[in-house]
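Novice: Can you keep this structure in mind? I'll have questions shortly.
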Amino acid sequence: MRRRDVLGVALLLPIESWAQTCGVVTPRQTEGPFFKTNTPRRTSLVEPASKAPRFLVTGTVLSAQCKPVPNALLDFWHSDEEGAYDNRGFRYRGHQHADSQGLFRLETIVPAEYPGRTRHIHVKVQAPGGPVLTTQLYFADDAGNRRDGLYRPELEMRSAKPGEGMFNFVLA
Ligand SMILES: [Fe+2]
């Protein structure tokens, strides 16, 4: 698509679907030291005993041509309410597949900061048979964002209301 065409499409879309949608491939980021394979398949990472504030992440996986990617794999992991990763088990780790419209929904908690990092959620996203995008999502208006050298505004979830964040992944 030429840039002018992209902008033309944008004007026809509601603001919320445009902001993170077309034209810009989601930047990759380091996976960090705590990735684990073979995570459980689940859309909720909520631990029944946890008193941490709940958080809902929703969005769409899109191709660089702005088409939904049905059945895309999303593998999420993040720290717990004390800023620690579960490196023995699978607390706050899980994978899921986007639906036929490329939509995903993750129920979890607000992870805590840990030294040197602002609040974030790690994720790997992969179209069926495609390359893996490894990146991280950030929380809107978090005071820690400015102090974290890895933080990128393009990776901030948009927050329509407290406790919810929306992010559309655009795969290369
Ligand atoms: Fe991390």
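Novice: Every residue in segment 44-65 that is in a loop (DSSP other than H, G, I, E, B) and in contact (Cβ under 8 Å) with a residue 40 or more places away in the chain, please.
Specialist: Across segment 44-65, the qualifying residues are LEU45, VAL46, GLU47, SER50, ALA52, PRO53, ALA64, GLN65.
Novice: Please work out which one of (1) in contact with a His (Cβ under 7 Å, 6 or more places away or on another chain); (2) within 25 Å of TYR151 (Cα to Cα) is the condition PRO27 fails and give its number.
Specialist: (1)
Novice: Suppose we filter segment 154-163 for residues that are more than 15 Å from the ligand (Cβ to nearest atom), in contact (Cβ under 8 Å) with a residue 12 or more places away in the chain and either surrounded by fewer than 13 Cβ atoms within 10 Å (Cβ to Cβ) or outside any loop (DSSP other than H, G, I, E, B) (or both); how many remain?
Specialist: 5
Novice: Now for a separate question. Quick one: THR58 ticks every box in (1) at pLDDT below 95; (2) in contact with a strand residue (DSSP E or B) (Cβ under 6 Å, 6 or more places away or on another chain) bar one, so which box is it?
Specialist: If we test THR58 against (1) at pLDDT below 95; (2) in contact with a strand residue (DSSP E or B) (Cβ under 6 Å, 6 or more places away or on another chain), just (1) comes out false.
Novice: Do we have VAL132 as buried (at least 19 other Cβ atoms within 10 Å of the Cβ) and of a type in the set (A, V, I, L, M) here?
Specialist: no
Novice: Output the residues belonging to segment 22-37 that are within 11 Å of GLN136 (Cβ to Cβ) and touching a helix residue (DSSP H, G or I) at 6+ places or on another chain (Cβ under 9 Å).
Specialist: THR26, PRO27, GLN29
Novice: What number goes with the only condition from (1) out of contact with any Pro (no Cβ under 6 Å at 6 or more places or on another chain); (2) within 16 Å of the ligand (Cβ to nearest atom); (3) of a type outside the set (Asp, Glu) that MET166 does not pass?
Specialist: Failed condition: (2).
Novice: Give segment 61-88 a look and list any residue that's touching a strand residue (DSSP E or B) at 6+ places or on another chain (Cβ under 7 Å) and either away from the ligand (no atom under 16 Å from the Cβ) or among the basic types (Lys, Arg) (or both), or say none.
Specialist: VAL61, LEU62, SER63, ALA64, PRO68, VAL69, ASN71, ALA72, LEU73, LEU74
The values are calculated or read from the model by the stated rules, or taken from the named source; none is laboratory data. Quick caveat, the model's predicted, so the values are computed rather than measured. Positions of Cβ are generated from backbone atoms using ideal geometry, with glycine treated the same way; all protein chains shown enter the neighbour counts.
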